[in-house]
Amino acid sequence: ETSPAIPAGAFPSSVRCAHCHVNLRISSVGAYHCPRCLAAIEVDSDGSVRSASPPFASPIRVTIPSQADFVEGLQAFLVSIAHRMLLPDLSAEALRDALAEAIQAVIDRAYGGDGAQSIQVYFSRSQDALVVHIVDFGRPLNGVAPPPPFPICRERLDAFEIRVNPRGGNILKLVKKR
């Protein structure tokens, strides 16, 4: 899509994102990403402005059985989303590994290995991060003795939290910034 051109020599300037309508400050000719929807925006030397669609609608919800066999496919899906968001490979790998650790803790600790349960995973984006929420309806992980340590989540993510789901179970939040 194209937006109205920026008059020659009018930098810095402001442009409205064609997709989410947030105002963006443009300092010069070049490539930008909308901080809200991550749409790609290009400003050419003649002042013309083009934009491409955001990488994905947010949030995306996936429900999997509480079985380890499904974790690998979920990890591949997460890496695909991370690459569409332009997360560096190391950040995508850290989030992929943390996802596996968190899902396995839900399977083992919250559900006690019961593969007949389900796990909901939500993928969303913030201005500069990919956020994953893992929701289960098992035993609270904070009440399990000993509580899972989550070394990958705690060491390789920008933010990690576990809270009790008000409807029972847990909500785990994994955040990795660009």
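Cysteine residues of the chain whose C-beta has no other cysteine C-beta under 4.7 angstrom: Cys153. Overall, the chain carries a charge dipole of about 540 debye about its Cα centre when +1 sits on the Cβ of Lys and Arg and -1 on the Cβ of Asp and Glu, all other atoms neutral. In the complete set of protein chains, residue-level accessible area for Tyr111 is approximately 20 Å², probe 1.4 angstrom.
With all protein chains kept in place, the per residue accessible area of the chain amounts to 50 square angstrom at a probe of 1.4 angstrom.
Accessible area of Asp89 (1.4 Å probe, protein heavy atoms only, ligands and nucleic acids ignored): about 90 Å². Atom-type composition of the exposed protein surface of the chain places 51 percent of the accessible area on carbon and sulfur (1.4 angstrom probe).
Does anyone have the angle between helix 71-84 and the longest principal axis of the chain? Alpha-carbon axes, 0 to 90°, nearest 10? So the inclination is approximately 10 degrees.
When the Cα gyration tensor is reduced to axis lengths a ≥ b ≥ c, the ratio a/c is 1.5 or higher for segment 114-165, and with a/b not above b/c it is classed as oblate.
Over the residues of the chain, the helix contribution to mean residue ellipticity at 222 nm works out to -6500 deg cm²/dmol, using -39500 (n - 2.57) for each DSSP H run of at least 4.
For Ser48 and Glu72, the difference between the fully extended length at 0.36 nm per residue and the C-alpha to C-alpha distance is 4.3 nm. Near the amide H of Asn170, within less than 5 Å, lie the amide hydrogens of Asp136, Phe137, Gly138, Asn165, all on another chain or at least 5 residues away, with H placed in the peptide plane. Summarising the amide proton neighbourhood of Ala39: residues at separation of 5 or more, or on other chains, whose placed amide H is nearer than 5 Å comprise Cys34. Net charge in the neighbourhood of Arg163 (other residues with Cβ under 13 Å of its Cβ; Lys, Arg +1, Asp, Glu -1) is 0.
The values are calculated or read from the model by the stated rules, or taken from the named source; none is laboratory data. Since this is a predicted model, take the numbers as computed values, not measurements. So basically every Cβ, Gly included, is an ideal-geometry build from the backbone, and we count neighbours across all protein chains shown. Side chains included, ligands, DNA and RNA excluded: accessible areas come from the protein's heavy atoms. Shrake-Rupley method; radii C 1.70, N 1.55, O 1.52, S 1.80 Å.
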